[in-house]
Amino acid sequence: MNITFRWYGRDNDTVTLDQVKQIPGVKGIVWALHKVPVGEVWKKEDILAETEYIQSFGFHTDVVESVNVHESIKLGDKDCSRYIENYKETIRNLAEAGVKVICYNFMPIFDWTRTEMFHPLEDGSTALFYEKEKVEHLDPKDLLQTVSEASDLTLPGWEPEKMEHISDLFDAYKDVDEEQLWRNLEHFLKEILPVAEANGIKMAIHPDDPPWSIFGLPRIITGEASYERLLKISDSPSNGFTMCTGSMGANPANDMVQVARKYAGRAPFSHIRNVKIFENGDFTETSHYTQDGSIDIKGVVEELSRQNYDGYMRPDHGRHIWGEKCRPGYGLYDRALGIMYLLGLWDAYRSERKDEEIDSQT
Ligand code: DNO
């Protein structure tokens with residue numbers, strides 16, 4: 001298990017790498033060039049400026065999250081080929097800088113979606129919150145506004161420039177149903193996977209968050225059936241998943257322990273976090289602690305330890321605790337607590353396993 005920590009860059013994060021250095025067990029930083037507009041090529045010199053800085057703190061830079069996919073590719077429109085070529089160029093440039101895994105998603109228009117960024121929890125902290133009913137009645141423009149205003153820092157996937165084109169984007173998606181989106185994903189993968197494979201990069205698709213359709217837009221990476229279909233598209237070792245317990249697990253029909261059992265071997269990267277799901281379909285993010293939410297985090301880590309999972313793992317969104325002012329979900333403190341919980345579980349399960357091995361040999 002290779003513990004990593006997501007960080008947004010020198011001038012786009014409240015957390016510093018000196019601070020991350022003090023969290024036990026962190027080997028790498030999950031990074032991205034957040035200033036490059038979606039669809040443009042990531043230039044070699046910009047990549048190196050970032051990786052060399054991060055590496056100067058002793059961290060590896062093996063994982064990028066995310067190289068976002070331009071809407072033209074998801075729509076399969078006339079500019080699609082140009083953006084696919086750009087994506088390939090970015091893959092090659094990242095490989096040259098030693099990157100091993102690229103996380104990406106294929107969600108139309110919106111990335112992760114919440115209705116509140118700082119929802120109060122009983123313990124006095126705040127966390128990201130999703131109110132199902134509200135999303136069903138909300139004008140998507142208001143949601144973009146809320147999310148953009150929630151932080152002084154750029155929130156990836158919620159680029160303000162999207163606001164300007166939102167109506168056009170909705171129009172363009174009128175003709176794209178789930179099947180069409182799958183076809184567009186298939187086309188994208190068939191184009192980029194050979195390049196990724198030739199350059200030693202694993203592509204790791206992130207599940208849709210939440211894993212169901214919102215605002216009438218199709219969403220297709222929602223559960224086990226999506227994973228099966230993805231694997232049928234290509235058996236390239238570069239065709240992988242980002243296993244995200246909090247995203248896929250927000251639908252209680254997805255048993256994340258079973259997902260880990262069946263698919264961890266295809267997930268070079270995993271995001272581990274908990275959510276508490278309410279009967280009406282709302283959910284709130286919680287601490288990583290199993291008992292605080294609806295997802296069996298303990299069971300997931302047990303399963304990963306059983307498989308001796310050697311992928312990259314990061315704690316995911318945390319609560320905002322101890323008065324910390326930070327980008328929504330990405331403070332220092334609760335994610336550090338999350339790491340200690342994951343490491344504790346991992347070590348305990350690993351040593352149990354060693355005992356079993358010793359028992360079976362005697
Ligand atoms: C939210 C994240 C997502 C994720 C992308 C991956 O905090 O989990 O924004 O990075 O969907 O492409």
Charge context of F106, other residues only, Cβ under 11 angstrom, K/R +1, D/E -1: -2
Arranged by the count of other C-beta atoms within 10 angstrom, fewest first, what order do R82, R327 take? R82, R327
Out of segment 240-322, which GluC sites (Glu not before Pro) are coil in DSSP terms and have no more than 13 other C-beta atoms within 10 Å? E279
Size of charge dipole - segment 238-330 - debye, nearest 20, with Cβ of Lys, Arg +1 and Asp, Glu -1, no other charges: 260
Convex hull over the Cα atoms of segment 202-283, averaged projected area in nm²? 5.5
Compute the relative contact order of the chain as a whole-number percentage, counting only Cα pairs closer than 8 Å that sit 6 or more residues apart in sequence. 18
Relative contact order, percent, segment 1-74 [alpha-carbon distance under 8 Å, six or more residues apart]: 35
Based on the Kirkwood radius over alpha-carbon pairs, what is the Stokes-Einstein translational diffusion coefficient of segment 2-361 at 20 °C with 1.002 mPa s viscosity, in µm²/s? 103
Mean ellipticity per residue at 222 nm, deg cm²/dmol - from DSSP H runs of n ≥ 4 across the chain, formula -39500 (n - 2.57): -12500 deg cm²/dmol
Going residue by residue through segment 275-287, the Karplus relation 6.51 cos²θ - 1.76 cosθ + 1.60 with θ = phi - 60° gives ³J(HN,Hα) values, rounded to whole Hz and with x marking Gly or Pro, of 9, 9, 9, 9, 4, 7, x, 5, 8, 10, 7, 9, 5
Exposure-ranked with fewest Cβ neighbours within 10 Å first, H271, H137, H206 stand as H137, H206, H271
Give me K232, K43 ranked fewest to most by other Cβ atoms within 10 Å of their Cβ, as a rough exposure proxy. K232, K43
Residues whose built amide H sits under 5 Å from the amide H of V67, excluding neighbours closer than 5 in sequence, are C103
Among GluC sites (Glu not before Pro) in segment 84-165, those in a DSSP loop whose Cβ has at most 10 other Cβ atoms within 10 Å are E122
Given H placed 1.01 Å from N in the peptide plane, which residues other than close sequence neighbours of E116 have an amide H under 5 Å from its amide H? F129, E131
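Quick note: the coordinates plus some simple rules give every number you see, no bench work behind them. Not measured: the values here are computed from a predicted model. As a convention, Cβ positions derive from the backbone with ideal geometry for all residues, glycine included, and neighbour counts pool all protein chains shown.
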